[in-house]
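Here the structure is laid out as structure tokens; the discussion comes afterwards.
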Amino acid sequence: MIRTLLITGEGRSHTGGKELIERWRSDPQSRIWIDLQGEPLEDEQALLESFECHPLAIIDAHKDRHPPKVEEFETHTLIIYRGVSSFDAELNYQPQQISFFIGERYLISLHPSLAMSIDRMLSQDGSQLLKKSPGHIALKVMYISAGFYQESLLEFETQLSVLEDELVDNGTDTLMKRIIGYRSRLLKMRRVFNYHLAITQELQSFDYEHLPRNDEDTEHAINDVHERFERLYSLTNMYYEICSDLIDGYMSLSSHQLNLTMQVLTVITAIFVPLSFLAGLYGMNFTYMPELTYRYGYFVLLGVMAVIALGLVWLFRRKRWL
């Protein structure tokens, strides 16, 4: 699907399809945003080549899982962004790559499936931003997409708080598996946000021809995106540490409970060891044993065993081992 947004030299906006490209070419003062969603690879490549996009940029944009980056070429700037097609409070998210080719008078965006941030831009204030520059559209799409991440992460914070209470009250292995799953997803998300932080820091540090920092509006837009990804990175890092603390706490509690169990078993074993020794000693079948013919020997031995057992119990209780 090809969707286009055209701003003519007179400032009028038009939406449509591929037919607006020729109109853009015939008007040197016009600007255009071309969004390619799920188009065949050959069609995308032909369109990008017609805009004189660099072959290496086209190759990078068509890689399935290219790390997010920003790179400047002679006629355009390439931004590869890791967007999101779906996200929920359980941190189940479906990322998708969005590539932006930002020229002086055009913006071409590529993505394989639905991108909520791009749909919102096309239905809202895309024309106003395109009047400023094509780069403002790309920055705003990134800003909106980061907002979807942030909304779901804040919902996850409530979920994590409930899970923390459940783990303290009645920790189970099932809850532990959920937390480990959350931590794994947070680690992946933190890696993505770190990439995006690097992109915005690079945009803040260096002057790109199609995203100039000397333009006040562009600089504010870059700072807004950077602050949002900085917030996302800090949130994921904080939630990751909370999950790690919960896992460590659960493991410590399980270890403590195991130590208590082993302590009780050790005390019981310590009590019965001397009794087993005496029982084994007087259970030997020798003819000439000193106490074998003593009339009350059985009762004396039972008494000695009872005294030993009670004495050990008293000793262990005094030392608070039992």
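Surface composition of segment 1-77: carbon and sulfur atoms hold 47% of the protein heavy-atom accessible area at a 1.4 Å probe.
Sequence-ordered 3J(HN,Hα) estimates for segment 176-186 from the Karplus curve with 6.51, -1.76 and 1.60 and θ = phi - 60° stand at 4, 5, 4, 5, 4, x, 4, 4, 5, 5, 5 Hz, glycine and proline given as x. How compact is the chain by the rule of thumb for globular proteins, expressed as Cα Rg over 2.2 N^0.38 Å? Relative to the rule-of-thumb radius for its length, the chain sits at 1.80. Candidates Ala57, Phe73, Leu91 compared by Cα position along the dipole of segment 1-146: farthest toward the positive end lies Leu91, with charges placed on Cβ. For the Cα trace of segment 172-322, dividing Rg by the Kirkwood Rh returns an Rg/Rh value of 1.56. By the Kirkwood approach, averaging reciprocal distances over each pair of separate Cα atoms, segment 142-206 gets a hydrodynamic radius of 13.8 Å. About the centre of its Cα atoms, segment 169-322 shows a dipole size close to 1720 debye [charges on the beta carbon of Lys, Arg (+1) and Asp, Glu (-1) only; nearest 20 debye]. Distance from the Cα centre of segment 280-309 to that of segment 150-206, in angstrom? First find each Cα centre; the distance between them is then 67 Å.
Computed from point charges on the beta carbon alone (+1 for Lys and Arg, -1 for Asp and Glu), the dipole magnitude for segment 49-117 about its Cα centre is near 160 Debye. Principal-axis analysis of the Cα atoms of the chain puts helix 41-50 at an angle of about 40° to the longest axis. Can you tally the net charge around Arg231? Count Lys and Arg as +1, Asp and Glu as -1, for every other residue whose Cβ sits under 13 Å from the Cβ of Arg231. Once positives and negatives cancel, what remains is -3.
Here the dipole of the chain is about 2060 debye; that uses its Cα centre as origin and unit charges on the Cβ of Lys and Arg (positive) and Asp and Glu (negative). Annotation note: trypsin sites (Lys or Arg not before Pro) in segment 1-65 located in DSSP loop regions with a Cβ neighbour count of at most 16 within 10 Å are Arg12, Lys18, Lys63, Arg65.
Between the listed residues Ser109, Thr200, Pro290, the Cα displaced farthest toward the positive end of the dipole of the chain, a dipole computed from Cβ unit charges relative to the Cα centre, is found at Pro290.
Work from the charge dipole of the chain (Cβ charges, +1 for Lys and Arg, -1 for Asp and Glu, about the Cα centre) and give the residue of Ser123, Ser30, Ser252 farthest towards its positive end. Selected residue: Ser252. Heavy atoms of the protein chains alone define the surface here; on that basis segment 25-179 has 45 Å² accessible area per residue at 1.4 Å probe size. Projected label points at Met238 and Arg295, each 7 Å from Cα along the beta carbon direction, are separated by 8.5 nanometres.
Here segment 86-146 exposes an accessible surface that is 48 percent carbon and sulfur, computed with a 1.4 Å probe and the other protein chains kept in place.
The values are calculated or read from the model by the stated rules, or taken from the named source; none is laboratory data. In this text, all values refer to a predicted model and were calculated from it rather than measured experimentally. In this analysis, Cβ positions are derived from the backbone assuming ideal geometry, glycine residues included, and neighbour counts consider all displayed protein chains. The area values use the complete protein model at the heavy-atom level, side chains included, leaving out ligands, DNA and RNA. Shrake-Rupley method; radii C 1.70, N 1.55, O 1.52, S 1.80 Å.
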